[in-house]
Structure formats: structure tokens, C-alpha cells
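One structure below.
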Amino acid sequence: MPPETDRTAANPGPLYHKPRLMTPGPTDVPPAVLEEMARPIIHHRTKQFQAIYAELSQRLQRIFRTSQPVLSLAGSGTTAFEAAQISLAVPGSTVLAVAAGKFGERWEDIFRQYAPFLNLNVQVMAVPWGQAANPAAIEAFLKQNADTSLVTVVHSETSTATACDLRAIAAVVGKSRSLLLADSITGLGALPVEMDAWGVDVLVTGSQKALMLPPGLGFIALGPRALARLKDTPAGPCYNLDLRRWLKSHEKNDVPFTPPVSLIRGQRVALEMIETEGLENVWARTARLAAASRAAFTAMKLKLISASPSDSVTGAFYPDGTEGAIDDSKFRAAMRAKYRIEIAGGQDGRGANWKGRIFRISHMGYVDAGDTLATLAALETELIAAGCAIKPGSALAAAAPLLR
Ligand SMILES: *Cc1c(COP(=O)(O)O)cnc(C)c1O
């Protein structure tokens with residue numbers, strides 16, 4: 001998908017095009033946000049920056065549905081999540097990683113990386129890929145392991161296109177001494193999330209999914225029990241990732257280190273757009289696009305990868321074509337070359353090997369019915385070209401009525 005500026009003699013591309021980034025992160029960024037980020041750089045130790053940061057923080061609180069502080073860290077979602085893990089795990093305690101996909105497994109890996117330094121007993125609750133974490137199993141674990149200080153869950157497991165019942169999980173963890181650290185990186189701004197009402201202790205997201213920004217910012221909201229934990233627990237083996245440092249600056253509408261000023265500015269505008277549309281309306285639009293996509297996939301007789309689908313991303317196993325299994329990289333290259341649509345493939349992990357076997361499309365952020373119908377029509381055309389037995393027009397016949 002060479003953007004205009006990447007055209008070369010060897011890779012000319014058309015003079016006109018409209019690329020569509022339908023991957024579940026990064027996602028397309030609205031023009032108004034791109035324009036805001038093109039403004040001259042301002043210095044960050046100024047009243048002007050502090051005012052922008054303060055407005056961003058307030059908007060983030062409304063999107064997170066919390067009255068608690070929301071920190072903005074430079075880095076990807078993983079940076080923010082790792083910071084929360086290492087800042088909040090109690091040295092010498094048990095930590096539980098609920099792993100239902102690639103991202104849950106990553107949080108397990110991070111715990112293991114720090115385990116020797118923090119003397120952590122790392123426990124894993126492996127959930128079959130495509131299924132949702134079970135609140136009752138987490139409750140039982142916490143009853144048997146009263147020294148657990150932190151539970152990590154993935155609200156919307158992007159690798160398996162699966163959502164769990166975050167509210168129910170927050171309720172069971174809230175009855176224990178453990179904190180709940182939730183990865184809602186493809187949940188927040190796409191699926192309903194009520195941080196305070198549900199009692200989620202720590203909620204993390206990133207800028208490049210539903211929040212309509214390029215990659216580069218991670219956000220961490222800290223509930224009352226998490227704030228108390230930061231006070232009571234010594235800092236971990238880290239410096240930049242120590243949330244105590246970020247929280248201290250945040251209280252003065254500031255950040256400890258030079259922030260990505262352009263991204264902060266852009267995020268303020270993107271959140272303004274979300275609030276103008278109305279957060280509930282954004283949730284409803286996301287759900288509509290997801291329902292239409294699932295209907296189209298089902299009409300094409302595709303097998304969904306999730307038994308408990310997230311509305312932020314839809315995934316299916318490749319069907320067989322005339323020459324057996326469809327070649328994932330060729331299929332996605334054709335989507336890119338013919339339609340300028342970028343879709344995602346699958347990932348390999350400990351719970352499953354889905355690389356080459358599945359494809360996924362996003363419903364998050366700056367995406368509408370037109371983008372979705374175009375993607376579904378292109379998918380159907382290319383699957384038919386690969387020899388799949390699909391009745392032409394069946395995808396749109398199933399999807400369109402749900403988008404009216
Ligand atoms: C994208 C994503 C992340 C973070 O990935 P980064 O590449 O570090 O931004 C974490 N969890 C989930 C569920 C994600 O979708």
C-alpha cells in the first residue's frame with residue numbers, strides 16, 4: 001500500500017488512491033488529527049502544553065468513564081502495560097496472567113522476565129484460543145491463592161477476536177486482595193467500558209487502535225486500590241516505567257520526560273471527535289459494523305475464530321480454495337494491490353498456531369459502513385477467485401441490511 005510519497009519508479013502505484021487500513025491496529029487516522037499533528041512543535045515545559053495535556057487528561061477520564069487519573073506514556077501499548085505490571089506487582093507475591101491469546105501470553109512473558117528481580121510466583125491460566133476467560137475460574141484461583149497481588153486479563157484479545165466479560169471479572173477480583181490489570185487496548189473506545197462503575201483497578205489502552213491516533217502513546221488509568229498500592233509498595237527494577245514518577249508529574253499536568261507533543265495534540269483532537277459523535281454512538285457504530293461483518297462471514301460459510309466475538313475485530317479461518325488451502329500472504333497481497341485494503345493475518349503463540357490460517361478485519365476508530373462494505377465485497381471477490389464455493393453477492397446481501 002505505498003502512500004503517494006512512497007511511489008518510486010519500481011513501485012509506481014496509481015496516482016489516485018484511497019488506502020484503507022482495516023487491520024486491528026494500527027488503524028486509519030482522521031484528516032483533522034493528521035492536520036493537528038502537522039503543527040509546529042511547542043516546548044513541553046510551557047503553560048500552552050500543560051493546558052493541552054490537562055484537556056487531554058479530562059477527555060481521557062470521560063472515555064475511560066473514571067474520575068481517577070489517566071497517565072499518558074510515550075511508547076506502544078506494551079510499554080504502558082509493562083509499566084503497570086512492574087509498578088504494581090508486590091515483590092514476593094503470586095501474580096496471575098490469564099492467557100487466552102497472543103497478548104495474554106505477552107503479559108505472562110513480561111511477568112516471567114521480571115520474576116527473578118521481584119521474586120514473583122508467576123501463574124498462568126491458559127484459556128483455549130477463541131474462548132473467553134472465565135470469571136468463576138479466576139474467582140476460584142484467587143480463593144486458593146490468597147497471596148495473589150495482580151491479575152492480568154485482556155478485555156478484547158485481538159489475536160483471537162474474542163471479548164471477555166470484564167465487568168464480571170472485575171467483580172470477582174474486587175472481592176480479593178489482588179488488583180485487576182486489564183488490557184483494554186482494543187476494547188476502550190470500541191466496546192462499552194465503565195471503569196469506575198465496574199471497579200476495574202487498572203485499565204490500559206494504546207493510541208493506535210480505537211482512539212484514532214498513530215502508534216506512540218499508551219494510557220493507564222489507576223483506580224483507588226492501585227493508587228494505594230503505588231504508595232505502599234517499593235518501586236520495582238525500573239526508572240522510566242515506574243508509574244510513581246508519572247503520577248507525581250501528572251498531578252501538575254506535566255510529564256516526567258519529553259513527551260511526543262504532536263501525538264498528545266493529535267489525541268486531544270481525536271478524543272474531541274469521539275465526544276462529538278458521542279461515546280455511546282461510537283460503541284453502537286462499532287457493534288453494527290461487527291454484526292454486519294459476522295453476518296457476511298457466515299453467509300460466505302466462513303468459520304469464525306471466536307466463540308465469543310469482540311465487536312472491535314472479526315476473524316475467520318481461511319476456507320479451502322480449488323488448490324487446497326489459500327495462501328495467506330498472497331491473499332492479503334491481492335487485497336492490498338487490487339483494492340488498497342490492508343487486512344491482518346494470524347499470529348502464532350503457545351495456545352495455537354494461527355499464522356497463515358486466519359485473517360482479521362477491524363471495526364475500530366475511523367471506519368464506517370462504506371469501508372466495511374468495500375472490505376467485505378473485496379474479500380468475497382478474492383475468495384471466489386481462489387475457488388471458494390461462495391454465491392456471488394452473498395456477503396453484501398447479508399451485511400447491508402444491518403448497516404441501514
Ligand atoms: C495492539 C495490542 C496491544 C499492544 O501492542 P503494541 O504493539 O505494544 O501497541 C496489546 N494488547 C492488545 C489486545 C492489542 O490489541
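Evaluate Rg over Rh across the chain, taking Cα atoms for both radii and Kirkwood's formula for Rh.
0.98
Given H placed 1.01 Å from N in the peptide plane, which residues other than close sequence neighbours of residue 358 have an amide H under 5 Å from its amide H?
Those qualifying (amide H under 5 Å, at least 5 residues apart or on another chain) are 318, 346.
Return the long-range amide H neighbours of residue 20 (sequence gap of 5 or more, or a different chain), with a cut-off of under 5 Å between placed amide H atoms.
341, 342
Could you tell me what percent of the DSSP beta bridges with both partners in the chain are antiparallel, to the nearest 5?
The antiparallel proportion sits near 50 percent.
Put +1 on the Cβ of each Lys and Arg and -1 on the Cβ of each Asp and Glu in the chain; which of 387, 104, 309 then has its Cα farthest toward the positive end of the dipole?
My answer, from the dipole projection, is 104.
Given 303/330; 102/303; 301/355; 209/248; 175/231, which pairs have Cα atoms separated by over 25 Å?
209/248
First measure r as the distance between the Cβ atoms of residue 47 and residue 230, then evaluate 1/(1 + (r/R0)^6) with R0 = 22 Å and state the FRET efficiency to the nearest 0.05.
FRET efficiency, residue 47 to residue 230: 0.20.
Can you tell me the 0 to 90 degree angle between the C-alpha axis of helix 47-64 and the longest principal axis of the chain, rounded to 10?
70
Per residue of the stretch 211-221, in order, report the coupling 6.51 cos²θ - 1.76 cosθ + 1.60 (Karplus, θ = phi - 60°) as ³J(HN,Hα) in whole Hz, putting x for Gly and Pro.
Listing the rounded values in order: 8, 6, 10, x, x, x, 10, x, 10, 10, 9 Hz.
Sort the following peptides by mean Cβ neighbour count (other Cβ atoms within 10 Å, averaged over residues), highest first: 301-309, 284-292.
Packing order, densest peptide first, comes out as 284-292, 301-309.
Apply the Karplus parameterisation 6.51 cos²θ - 1.76 cosθ + 1.60, with θ equal to phi minus 60°, to every residue of the stretch 318-324 and state each ³J(HN,Hα) to the nearest whole Hz, in sequence, with x for glycine and proline.
5, x, 7, x, 5, 9, x
For the residue pair residue 168 and residue 146, what label-to-label distance in nm results when each label sits 7 Å from Cα along the Cα-to-beta-carbon direction?
Roughly 2.7 nm, to one decimal.
Let me have the relative contact order for the stretch 274-373, percent, based on Cα pairs under 8 Å that are six or more residues apart.
Relative contact order for the stretch 274-373 comes out at 27 percent.
For helix 261-277, what angle does its Cα long axis make with the longest principal axis of the chain, in degrees from 0 to 90 and rounded to 10?
Taking the Cα atoms of the chain, the angle to 261-277 is about 70 degrees.
Do you know the relative contact order of the chain, to the nearest whole percent, from alpha carbon pairs under 8 angstrom that are 6+ apart?
Result for the chain is 23 percent.
Residue farthest toward the positive end of the dipole of the chain, with Cβ of Lys/Arg at +1 and Asp/Glu at -1: which of 27, 347, 235?
235
Under 8 Å for C-alpha pairs, at least 6 residues apart: give me the relative contact order for the stretch 112-202, rounded to a whole percent.
Value for the stretch 112-202: 28 percent.
What do you get for the angle between helix 369-385 and the principal long axis of the chain? Use alpha-carbon atoms, 0 to 90 degrees, nearest ten.
50
So if I place +1 on the C-beta of Lys and Arg and -1 on the C-beta of Asp and Glu, and nothing else carries charge, what would the dipole magnitude of the chain be about its Cα centre? I want it in debye, nearest 20.
180
Rank these for me by crowding, 300, 195, going from fewest to most other beta carbons within 10 Å.
By the 10 Å Cβ count, ascending, the order reads 300, 195.
Could you point to the residue in 200, 273, 247 farthest towards the positive end of the chain's charge dipole, with +1 and -1 charges on the Cβ of Lys/Arg and Asp/Glu respectively?
247
Let's see if you can work this out: charge +1 on each Lys and Arg Cβ, -1 on each Asp and Glu Cβ, no other charges. What is the dipole magnitude of the stretch 50-149 about its Cα centre, in debye to the nearest 20?
Rounded to the nearest 20 debye, it is 260 debye.
Treating the beta-carbon of each Lys and Arg as +1 and of each Asp and Glu as -1, no other charges, what is the dipole magnitude of the stretch 246-404 about its Cα centre, to the nearest 20 debye?
I would put it at about 220 debye.
For the residues 151, 261, 122, what sequence is obtained by ranking on other C-beta atoms within 10 Å, fewest first?
122, 261, 151
Taken together, the values in this text are just the output of simple stated rules run on the coordinates, not laboratory data. Predicted model, so just to flag it, every value in this text is computed and none were measured. Cβ: placed from backbone, ideal geometry, glycine included. Neighbour counts: every protein chain shown.
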